[in-house]
Every structure is written in C-alpha cells, then in structure tokens.
Amino acid sequence: MSFWAVGSHTGMISPIEPLPTDEAAFTALAEQHRRELHLHCYRMLASVQDAEDAVQETFLRAWRSRETFAGRSTFRAWLYRIATNAALDIIGRRPSVPSVTADGNRAFEVPWLEPYPESLLVAAAAEEPEAVAVSRETIELAFIVAVQQLPPQGRAALLLRDVLGWSAVDSATLLDVSVAALNSSLQRARAVLQEHLPPDRAAWSAEYEGQERELVERYVDAHENHDEE
C-alpha cells in the first residue's frame with residue numbers, strides 16, 4: 001500500500017549553496033518552502049494553528065542553528081527535518097488520542113482537529129496544480145484523522161515515504177533511525193491506515209462531509225462567541 005508523492009525529493013547529496021548570513025535573506029530563502037512545510041505539519045498535527053506554530057518554530061530553529069548546516073542535505077530537506085521535529089515536540093505535549101469509537105465517529109476523537117482552509121490551497125493552485133490536487137486528497141479529514149491514530153514516529157515515517165515520496169534512506173536519516181526501523185514503523189503505519197480508512201477514496205469525503213460541516217460550524221460559533229474551551 002502506498003499513497004501519493006507530492007513532489008520529487010532531490011536527495012541528500014545535491015550541491016548546496018552557502019546559507020545566507022543575513023537574516024532577511026535567510027528568511028526569504030526559508031519562506032519559499034512555507035506552504036509545503038505548513039501542509040506537512042498540518043498532516044502531522046491535524047491543526048492549522050499548530051501547523052503555523054510549528055512552521056514559525058522551524059524558521060526560528062533554522063536561523064539559530066544555521067551554522068550547523070553542513071551541506072550533507074539540501075536546504076529543503078534540512079528544513080523538513082527541523083519541521084518534523086518541531087511537530088513531534090508538539091505531539092509530545094498533547095494528551096493521547098482516544099481510540100476510535102465503535103460507531104465510527106472518528107472526526108471528533110481528535111479534539112484539536114481543524115479542516116485545512118480552502119483559501120490556502122486555492123492560493124497555491126496556480127503555481128503547482130498537480131501538487132495541490134494531491135494535497136486535497138491527503139488533507140481529507142478521513143485521512144488526517146486516520147493518521148492521528150499512528151504513533152509519532154510511524155506518522156512521520158508514513159508522511160515522508162508515502163506522501164512526500166522520500167526514499168527509505170533519506171527518511172531514516174531525517175528521523176535518525178535505521179532503515180530497518182523506518183521500514184518497520186512504515187509497515188505498521190500502513191496497516192493502521194488500512195484498518196481505519198474506507199477502502200474507496202471516493203468515500204473519504206462522503207463519510208466526513210456531515211461531520212466536517214458540523215465541525216466548521218462549531219468552530220465558527222466558538223470563535224464568534226470568544227469561546228476558548
């Protein structure tokens with residue numbers, strides 16, 4: 001079982017230009033990857049705000065540790081490593097996700113779940129229509145909630161290998177594990193997704209349409225009423 005690579009990974013040994021030492025130039029370089037990092041963090045975290053926090057933390061960590069960038073990976077891969085670790089840190093501070101209920105009402109088993117804003121995808125569609133089409137599938141609530149059932153490392157392994165299309169070696173390097181450990185985590189993650197996702201992708205949207213609408217309505221009502229709970 002595999003999912004969809006949103007873009008080719010350029011590998012860990014591509015020629016590297018020195019990183020800018022000027023903060024404005026460094027930020028401009030990092031900002032080129034904001035959208036894809038935000039999507040990656042959203043898939044990891046199921047929360048738009050937490051994804052934004054993770055990306056901001058990624059850029060801050062990257063700037064502070066810029067002198068450690070030795071050119072053994074691409075700048076993009078280096079940012080993904082930092083972003084993944086930032087997302088894993090957020091996951092580590094959260095309570096455990098409850099088990100899926102018998103009635104299949106999975107969307108509300110993840111209390112921090114937020115739908116990904118359509119406006120963010122529309123803004124990127126003109127630049128990368130194919131990537132955006134893939135992104136739509138991999139941010140369906142059914143997929144996102146199923147991913148949240150995975151342990152953190154398995155979640156990262158699945159997203160790196162089956163969504164981003166990274167190689168086993170590159171994914172293992174990013175997660176600082178052996179290829180064997182990476183493959184083991186990936187195999188277990190795929191099994192969990194097979195258990196929790198409808199077999200037909202077309203059913204993903206239909207299954208969650210009503211729940212997504214209710215979730216959005218609740219979220220908007222809470223925002224308008226300044227409900228912080």
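Bear in mind that the values in this text are calculations on the coordinates, not laboratory data. For clarity, every value in this text was computed on a predicted model and none was experimentally measured. Here the Cβ is made from the backbone with ideal geometry for all residues, glycine too, and neighbour counts use every protein chain on show.
The length gained by stretching the chain between residue 195 and residue 24 to full extension, at 0.36 nm per residue less their Cα-Cα distance, is 56.9 nm.
Between residue 188 and residue 120, the C-beta separation translates, for a Förster distance of 35 Å, into a calculated FRET efficiency of about 0.70. As a rough guide to protection, the peptides 39-50, 137-148, 176-187 ranked by mean Cβ packing within 10 Å, highest first, stand as 39-50, 137-148, 176-187.
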